[in-house]
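To start, the structure under review is shown below, and the notes come after it.
The values are calculated or read from the model by the stated rules, or taken from the named source; none is laboratory data. Computed from a predicted structure; not experimentally measured. Cβ atoms come from the backbone with ideal geometry, glycine included; neighbour counts cover every protein chain shown. Ligands, DNA and RNA are excluded from the accessible area calculation, which covers all protein heavy atoms including side chains. Shrake-Rupley method; radii C 1.70, N 1.55, O 1.52, S 1.80 Å.
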Amino acid sequence: MSDRALRFVLKPAVFVASLGPVGWLVWAALTNHLSVNPLSDITNETGVWTLRFVCITLAITPLRRVTGWNAAIRFRRMTGLFAFFYGTLHFLTYVIADRFAGLDFPDGFIAWSTARNLAKSVSEDIYKRPFITIGFTAWLTMLPLALTSTSGMIRRLGGRRWNLLHRLIYATGIAGVVHYWWLVKADISRPRTYAVVVGVLLAFRIIRARLRAVPVRAPVRSVRLQ
Ligand code: HEM
């Protein structure tokens with residue numbers, strides 16, 4: 001594929017497709033196609049799309065290595081930022097649906113006391129409920145990745161340090177799966193599927209690193225016995 005086709009056709013197409021889930025949610029909310037608990041639907045949909053984008057981002061390096069299609073790397077920043085975008089929407093929906101809705105408003109909606117009580121309620125919940133703690137950890141691991149995703153930040157940090165920092169995405173994948181696993185009550189089949197996907201994508205890296213670490217032996221010269 002030519003560079004022009006990649007830049008002007010494939011990348012915009014992937015960008016528009018990545019907006020599909022949020023577009024669908026807006027459409028469904030406006031046309032009453034969500035369930036009787038629309039905020040819970042939005043929390044779940046944005047949560048699952050966060051994890052999907054984390055998996056897609058983790059899949060780019062293996063895809064490159066296996067197929068030799070090096071241009072795949074040019075989608076990694078975009079898919080990573082979409083993971084952060086859906087993760088932030090997910091967090092904000094939780095803050096509104098789960099925390100804001102349960103507050104009292106002694107001084108009205110827009111007041112310092114409301115902001116204070118909301119911050120207190122969110123931080124107490126992060127402290128008390130383990131699945132929220134690990135979900136928040138997963139989101140926090142994406143924050144430095146999003147903040148350092150620009151070319152300027154890559155230059156400023158230097159390639160080596162930037163690459164090391166961006167390994168945090170492995171922690172995002174693991175924490176995201178644990179968060180999902182801990183929140184389901186009965187049927188663990190969906191979180192188990194994501195655990196396998198993240199496990200395979202991380203195992204690929206471990207195996208590759210091990211193979212690269214094996215020293216290449218010099219060919220044994222035949223020794224002529226005198
Ligand atoms: C910012 C911190 C986060 C909070 C407070 C949070 C909170 C929640 C809550 C309240 C639910 C719904 C639970 C229920 O229905 O009983 C949920 C679901 C979910 N979250 Fe999170 N989450 C966070 C971050 C994340 C991240 C970073 C990921 C992915 C990497 C993620 C993936 C999911 C998934 C996959 C679901 C389940 C969706 C489904 O059942 O279809 N969450 N989260």
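Over region 36-109, accessible surface divided per residue gives 51 Å², non-protein components excluded, 1.4 Å probe. For the chain, the dipole from Cβ point charges (+1 on Lys and Arg, -1 on Asp and Glu) about the Cα centre works out to 2020 debye, to the nearest 20. Here is the P(r) of region 119-199: all C-alpha pair distances, binned every 10 Å from 0, give 18, 36, 29, 16, 2 in whole percents.
Mean residue ellipticity, 222 nm, helices only, the chain: the sum of -39500 (n - 2.57) across DSSP H runs of n ≥ 4, divided by residue count and rounded to 500, is -23000 deg cm²/dmol.
With the highest mean first, a sort of the peptides 76-83, 4-11 on other beta-carbon atoms found within 10 angstrom per residue produces 76-83, 4-11. Taken over the C-alpha atoms, region 3-222 has Rg and Dmax values of 20.8, 89 angstrom.
When Rg is the radius of gyration of the Cα atoms in region 54-171 and Rh is its Kirkwood radius, what does Rg/Rh come to?
Working: Rg = 18.3 Å, Rh = 16.6 Å.
With Rh from the inverse mean 1/r over Cα pairs, Rg/Rh is 1.11.
For a straight C-alpha distance cut-off of 22 angstrom, the lysines reachable from residue 185 (same-chain residues fewer than eight places away being disregarded) are 128. Using a probe radius of 1.4 angstrom, the carbon and sulfur fraction of the accessible surface of region 3-222 is 66%.
When only alpha carbons are used to place a centre, region 73-122 and region 159-202 end up 22 Å from one another.
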